[in-house]
1. Can you give me the Cα centroid spacing of segment B:70-91 and segment A:43-112 in angstrom?
2. Report the calculated FRET efficiency for residue A:109 and residue A:71 (r = Cβ-Cβ distance, R0 = 51 Å), to the nearest 0.05.
3. Sorting A:14, B:24, A:100 on the 10 Å Cβ count, fewest up front, what's the list?
4. For the pair residue B:95/residue B:126, report the inter-label distance in nm, with labels modelled 7 Å from Cα in the Cβ direction.
5. Can you sort B:19, A:15, A:25 from fewest to most other Cβ atoms within 10 Å of each residue's own Cβ?
6. If you rank B:101, A:93, A:1 by fewest surrounding Cβ atoms within 10 Å, what's the result?
7. Only Cα pairs under 8 Å and at least 6 apart count here; give the relative contact order of chain A as a rounded whole percent.
8. At R0 = 25 Å, how high is the FRET efficiency between residue B:16 and residue B:38 if r is their beta carbon distance? Nearest 0.05 is fine.
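Computed from the coordinates by the stated procedures, all read-outs in this text should not be read as laboratory data. Nothing here was measured: the structure is a model prediction, and the numbers come from that model. For neighbour counting, all protein chains shown are included, and Cβ atoms are generated from backbone atoms with ideal geometry for every residue, glycine included.
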């Protein structure tokens, strides 16, 4: 019973975090893709969509996979602790990947760095 | 009784770290907007996007770390005194971590600003050098 409760909490929280972050990156990443390929806005839109779908697949897949390796819980304390541990693993990884992505964007954008008005 | 005291500790700890992260990131990124405008030479859209991306990263890293250190492990003496001591060590540690992250982000902003100023200057010099033979 503890396991089921923590699974449902975990799934709700992880899904909302991943969906929200993906949505934000999708909305704000548009500018960067536009800076990389300024020629065709249509292609940019498609690339952005594909990136979003890939992000969702990888992250949601990993988040769901973690449920299969959850330990057996005895009481509310272990439930809260394991919930926090798994959530924090996913959120920290997302954060680190996010910073790596920003660094990669910087590298990609370096040849195009004349952001003059 | 031990379990309920630890759960009370968790219930106090969680809102505290949520509020701290929220307020720190709000102040940081309200002012970060100005830095970003400076870095991207006044291009509004790309400055706003970069600021938003950094804000998301800040939230993810800090909330992830806060949840990571939530677990009260080891010996617990089952008194409110010990609970308060543990909580103070956790919240104080998280606060110090938050301060370090704040300075790290400020460092990123300052470095980006310096670098973009340098590249802008170089570009102006290059344009001057290119234009000179024609004149």
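1. With segment B:70-91 and segment A:43-112 each reduced to a Cα centre, they are spaced 30 Å.
2. Working: r = 44 Å, r/R0 = 0.86.
Once rounded, the FRET efficiency stands at 0.70.
3. Details: A:14 22, B:24 18, A:100 11.
Sorted ascending by nearby Cβ count, the order is A:100, B:24, A:14.
4. Calculated label separation equals 4.9 nm.
5. Working: B:19 10, A:15 14, A:25 21.
Arranged by neighbour count, lowest to highest, B:19, A:15, A:25 become B:19, A:15, A:25.
6. Details: B:101 18, A:93 14, A:1 7.
Fewest to most other Cβ atoms nearby, the residues stand as A:1, A:93, B:101.
7. On the way: 47 pairs, mean separation 47.9, N = 117.
41 percent.
8. Values: r = 34 Å, r/R0 = 1.36.
Result of the calculation: an efficiency of 0.15.
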